[in-house]
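S.K.: One structure coming up, written as structure tokens, with questions to follow.
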Amino acid sequence: MNRKYLDIKANPAICNTEDIPVLPYHEFNDVVSGILAEESNHCLAYFAVPTGENLQFYIAIADDTNNSIILTSFTAERKSAVFPSLAAKFFQLHGFEREIHENYGIQFEGHPWLKPVRFPFNRYNQDSVIENYPFYSIESEELHEVGVGPVHAGVIEPGHFRFICNGEKVRHLEIQLGYQHRGIEHLMLTKNSPLQRCILAENIAGDTAVGHALAHAQLIEILSEPVANETLHIERCIALEMERIAVHIGDTAALCGDVAYQLGQVVCEALRTTVINTTQLWCGNRFGKSLIRPGGSNFPLTEEVANNILKMLEDTGRRYVEMTDRILTLPSVLARFEDIGTVSREQALKLGLVGMAARSSGLLRDIRISHPFQFYRNFEVHPVYHSSGDVLARALQRKKEVEESIRIIQSLITRWKESKTTVSRPVYHDRLRPSSLAVSLTEGWRGEICHVAMTNAQGEIQQYKIKDASFHNWMALALAVRNQEISDFPLCNKSYNLSYCGHDL
Amino acid sequence: MLKEIKILKSHGVQYVKDLRTQKVAERFRGRPIISNDITDEEKKQAAALCPVGAIDPTKGSIDLGRCVFCNECAFALPDKIHFTNDYRIATNRREDLIIQPRGDLPLRLKESEIVPQIRTFFKGSLKLRQVSAGGDNSCEMELNAAGNVNFDMGRYGIEFVASPRHADGIVITGPVSKNMVTALRITYDAVPDPKIIILVGTDAISGGLFADSPAIDRSFIENHRIDLYVPGNPAHPLTFINGLMDLLGI
Ligand code: SF4
């Protein structure tokens, strides 16, 4: 048996915490380096857990070839902790090492720059405050800086963008986040009712309520009582695909708005309304809040709702295709989309991009395919990706993903009609499996969502880690605007539409 | 051009003609009705299961400023608590958001407490600056939707603007994260007088599930007069627009 790491071929994955090998740091460094050298492996989560005087570090890595989750760990004393940086070799880890540094003061030697991530309330260095972020700057007569935010022009969440420009051209963009920090990971431990935790999960990022609530529900189920109800699994996948369709259509509208193509904007806005109103018909909430719960469902799908979904998809799908066919052939739109904000596959790999951001740069990462969960285990999702990595690729990506999601829901509803298991009411488990670590992955519309929970000997949650796709993908936006006109920034920003609150937690 | 006309045709008419009477899905959770005969035992039961402490264990009332509309109380006591799809739940007094077990009474603004200047200055044109301070982006998206082709609040001269200098007030979403305290204050200060403050969503009104988070600072909200409370998780665009229409006297 392999003593360097655990390799679990399941999603969600669970193990006894003591079964995860504890390596000396140099060995941890070697093992992780060996694993991450493979293109098909990338880091899901890397975090520290305080245990008295010590910190216990865990890393979870997705192996897309073996469809497994790899776990390993090391221990260190809190005080003496200085380690050679892994991010120096594998840039995809830069955010994780920064987060550990910010939370516990650990030094990673050779890390490009251990900047603050989100200024959490319980950060190690309380003198580091959000008003004092250490921006990169260049001394030069020719260059000037442009600061935007935290409050932006539109109705949108806060974040600060600092551009270094040469005339109209962006040389460098630095994105400073943290304004949205609400202490969610901490609340996951202090709120002791299981229902409270479900509601926290669906409020991590309101535009991904289903994606995060599902990651949480899977995690709680594997830590208590897995549910093998096929009907429930199908319904959850339908909800997740509805969320994907709604946001992609909404973002198509926003992209049109940014290039002043008003018809595209209003048509897509109205189409998004039809999708979220159907979600509301199903569960009473346009964002799917209250729909996903562990153990069962508050709102089992009914024949009537299912038929409404089918009807809506047929109509919305047809109109969306008609509209996007026009949008994506209009010279005035193409002139703004093509070759703008390009992120290459090589950059995507290096940054560890996930989800649609990765796929539109030609990197096929999709948890539904690599680590299938719920009914995706019995169902084939057709991969959608584009290689050009520009705004056009991301617009096309959304269009194609909408079409694929419509196909998925249509076949899922057919399967749903055949599977006639009763879906029971949710189960709010108080007691979880003790001394365990569990990892749960879903593919939200932005991409991979990862929730990790660790329980103590009493079966209480001792550590809860949340990672939205945005944690990886914000850096893609920073690279996308390099050497672009600053006026293309809003467009590049919309093409990704990353989450502030999902990042800031 | 012909293609555009064809698209316009299949697009059809999308706007909501009457924002006051538009029907929303049965299951949409708006104003709750709590039955008069809810027993003391049931009040306690409901209060105990409510994830945000929105239910008073002795009175059996539901505070819509705290409620996250999860429907758990109604699932447990279907004969006693029922959320109707009445989306007109915005008020201008915090205490009016507390719904008592008194049957089916509509929720309206307290006219005498609306600052008179609001109607003189803003009735035909209200420009708002939105500040998300820890909002989860669902309320923000609903506020955007309030101006879209369906809800089109622009028909009443209500609009979001980019600069606080052009605004007549601010609309706050989110529980107010500590990290946004300074930016929120600066934005508010930059709005010329007279100005209004609107809170949208449970998180903004009470802090919601985040009320006791050490990452939150509610002092701005506590120290300012609030002109309109718009509950919801997130607040529905119709709740927001109807609240504004009531405030402006439209
Ligand atoms: S619906 Fe509101 S009052 Fe009822 S349990 Fe949920 S949060 Fe509490």
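S.K.: Relative to the first principal axis of the alpha-carbon coordinates of chain B, what is the inclination of helix B:237-248, with its axis defined by its Cα atoms, in degrees from 0 to 90 and to the nearest 10?
M.R.: Computed tilt is about 80 degrees.
S.K.: I've got another one for you. Ignoring ligands, DNA and RNA, please state the percent of accessible area on the stretch A:6-117 from carbon and sulfur, probe 1.4 Å.
M.R.: The value for the stretch A:6-117 is 50 percent carbon and sulfur by accessible area.
S.K.: Accessible area per residue for chain B in Å², computed with a 1.4 Å probe and the full protein assembly in place, what is it? Intermediate values should be presented prior to the final figure.
M.R.: On the way: 10020 Å² over 250 residues.
I get 40 Å² per residue for chain B.
S.K.: How large is the accessible surface per residue of the stretch A:6-117, computed with a 1.4 Å probe and reported in Å² as a whole number?
M.R.: Using a 1.4 Å probe on heavy atoms only, each residue of the stretch A:6-117 averages 37 Å².
S.K.: Moving on to the next point. For the stretch B:1-67, state the average projected area of the convex hull of the C-alpha atoms over all orientations, rounded to one decimal in nm².
M.R.: That works out to 7.7 nm².
S.K.: What whole-number distance in Å separates the alpha-carbon centres of the stretch B:151-219 and the stretch A:381-424?
M.R.: 37 Å
S.K.: Chain pair B, A: how much accessible area is buried, both chains summed, with a 1.4 Å probe, in Å² to 100?
M.R.: Chains B and A together bury approximately 5100 Å².
S.K.: When the solvent-accessible surface of protein heavy atoms is calculated with a 1.4 angstrom probe, in what order do A:Thr342, A:Thr65, A:Thr455 fall, highest first?
M.R.: Ranked list, largest accessible area first: A:Thr65, A:Thr342, A:Thr455.
S.K.: If I compute solvent accessible area with a 1.4 Å probe over the protein chains, what percent of it on the stretch A:447-486 is carbon and sulfur?
M.R.: 44 percent
S.K.: List the DSSP H helices in chain A whose Cα atoms stretch 30 Å or more along the helix axis and whose mean Kyte-Doolittle hydropathy is at least -1.0.
M.R.: Within chain A the helices that satisfy the rule are A:230-258, A:262-283, A:303-327, A:391-418.
S.K.: Might you tell me the accessible area per residue for the stretch A:184-496, computed with a 1.4 Å probe and given in Å²?
M.R.: In whole numbers, the stretch A:184-496 has 29 Å² accessible per residue.
S.K.: With n ≥ 4 as the cut-off for DSSP H runs, can you work out [θ] at 222 nm for chain B, using -39500 (n - 2.57) per run divided by the number of residues, rounded to the nearest 500?
M.R.: Per the formula, -7500 deg cm²/dmol.
S.K.: In Å and from the alpha-carbon atoms only, list the Rg and Dmax of chain B.
M.R.: 18.9, 67
S.K.: Report the full-extension gain for the segment A:Ser435 to A:Glu460: residue separation times 0.36 nm, less the Cα-Cα distance, to one decimal in nm.
M.R.: 8.1 nm
S.K.: As a test of the formula, what do you get for chain A when each DSSP H run with n ≥ 4 contributes -39,500 (n - 2.57) and the sum is divided by the residue count, at 222 nm and rounded to the nearest 500 deg cm²/dmol? Please list the in-between numbers first.
M.R.: Working: 16 runs with 203 residues, N = 505.
It lands at -12500 deg cm²/dmol.
S.K.: Using the C-alpha atoms of the stretch A:386-505, what convex hull volume per residue, in cubic angstrom, is computed? Please list the in-between numbers first.
M.R.: Details: hull volume 18.8 nm³, N = 120.
Dividing the Cα hull volume of the stretch A:386-505 by its residues yields 156 Å³.
S.K.: Calculate, in nm to one decimal, what A:Ser424 and A:Ala37 gain on full extension: separation in residues at 0.36 nm each, minus their alpha carbon distance.
M.R.: Residue separation times 0.36 nm, minus the Cα-Cα distance, leaves 134.8 nm.
S.K.: Write down Rg/Rh for the stretch B:111-248, rounded to two decimals, with Rg from the C-alpha atoms and Rh from the Kirkwood relation over Cα pairs.
M.R.: Reported Rg/Rh, Kirkwood definition of Rh: 0.94.
S.K.: What is the Cα centroid distance between the stretch B:22-78 and the stretch A:108-145, reported in whole angstrom?
M.R.: Value for the Cα centre distance between the two parts: 46 Å.
S.K.: Also: Note down, for the stretch A:30-89, the three equivalent ellipsoid semi-axes (square root of 5 times each alpha carbon gyration tensor eigenvalue), biggest first, whole angstrom.
M.R.: With the √(5λ) rule applied to the stretch A:30-89, the semi-axes are 24, 13, 7 Å.
S.K.: Once you put a point 7 Å from the Cα of A:Gln262 and another 7 Å from the Cα of A:Ser411, both along the Cβ direction, what distance in nm separates them?
M.R.: Distance between label points: 4.2 nm.
S.K.: Here is a follow-up. Could you tell me whether chain A comes out rounded, prolate or oblate from its Cα gyration tensor? Rule is a ≥ b ≥ c as square roots of the eigenvalues, rounded for a/c under 1.5, then prolate if a/b exceeds b/c, otherwise oblate.
M.R.: Oblate, since a/c reaches 1.5 and b/c is not below a/b.
S.K.: Another question, if that's okay. Could you rank B:Lys59, A:Lys494, A:Lys465, B:Lys127 by how accessible they are, 1.4 Å probe, largest area first? All intermediate terms of the calculation are to be shown ahead of the outcome.
M.R.: Values: B:Lys59 110, A:Lys494 65, A:Lys465 20, B:Lys127 45 Å².
Putting B:Lys59, A:Lys494, A:Lys465, B:Lys127 in descending order of accessible area: B:Lys59, A:Lys494, B:Lys127, A:Lys465.
S.K.: How shielded is A:206-214 by partner chains, expressed as the average number of their Cβ atoms within 10 Å of its Cβ atoms?
M.R.: 3
S.K.: Now, a different point. Work out the FRET efficiency for B:Val115 and A:Lys89 from their Cβ-Cβ distance, taking R0 = 56 Å, and round it to the nearest 0.05.
M.R.: Values: r = 61 Å, r/R0 = 1.09.
That gives a FRET efficiency of 0.35.
S.K.: Radius of gyration and Dmax for the stretch A:268-411's Cα atoms, expressed in Å?
M.R.: Reported Rg and Dmax, both Å: 17.2, 51.
S.K.: Can you send over the carbon and sulfur percentage of the accessible area for the stretch B:19-107, probe radius 1.4 Å, protein chains only?
M.R.: It is 49 percent, rounded to a whole number.
S.K.: Select from the stretch B:200-240 all residues whose loss of accessible area on going from the chain by itself to the full protein assembly reaches 40 Å² or more (probe 1.4 Å).
M.R.: Buried on complex formation: B:Leu209, B:Phe210, B:Pro214, B:Ala215, B:Asn233.
S.K.: Let me ask something else. Taking the Cβ-Cβ separation of B:Glu4 and A:Glu346 as r and a Förster radius of 35 Å, what is the calculated FRET efficiency to the nearest 0.05?
M.R.: Working: r = 39 Å, r/R0 = 1.13.
Computed FRET efficiency for B:Glu4 and A:Glu346: 0.35.
S.K.: Starting from the coordinates of the alpha-carbon atoms of the stretch A:139-220, obtain the Kirkwood hydrodynamic radius over all distinct pairs and give the value in Å to one decimal.
M.R.: After inverting the mean inverse Cα-Cα distance, the result is 15.6 Å.
S.K.: With +1 on each Lys and Arg Cβ and -1 on each Asp and Glu Cβ, and nothing else charged, work out how big the dipole of the stretch B:111-248 is about its Cα centre, in Debye to the nearest 20.
M.R.: Numbers: 11 positive and 16 negative charges, 77 e Å.
Dipole magnitude for the stretch B:111-248 comes out near 360 debye.
S.K.: Another one. Working from Cα positions, state the angle (0 to 90°, nearest 10) between the long axis of helix B:2-11 and the longest principal axis of chain B.
M.R.: So the inclination is approximately 20 degrees.
S.K.: Hey, got the average number of other protein chain Cβ atoms within 10 angstrom for residues in A:273-286?
M.R.: 5
S.K.: Could you order B:His11, A:His26, A:His386 so the one with the most accessible surface comes first? Probe is 1.4 Å.
M.R.: A:His26, A:His386, B:His11
S.K.: Need the per-residue list for the stretch B:133-173: every residue with at least 50 Å² less accessible surface in the complex of protein chains than in the chain by itself, probe 1.4 Å, sorted by number.
M.R.: Flagged in the stretch B:133-173: B:Asp136, B:Asn137, B:Met141.
S.K.: For the stretch A:6-117, what size does the Cα cloud have along each of its three principal axes, sorted from largest down, in whole Å?
M.R.: Extents along the principal axes: 36, 30, 24 Å.
The values are calculated or read from the model by the stated rules, or taken from the named source; none is laboratory data. Keep in mind the model is a prediction, meaning the values are calculated, not measured. Note that we place each Cβ from the backbone using ideal geometry, even for glycine, and neighbour counts take in every protein chain shown. Just so you know, the surface numbers come from the protein's heavy atoms only, side chains and all, with ligands and any DNA or RNA stripped out. Shrake-Rupley method; radii C 1.70, N 1.55, O 1.52, S 1.80 Å.
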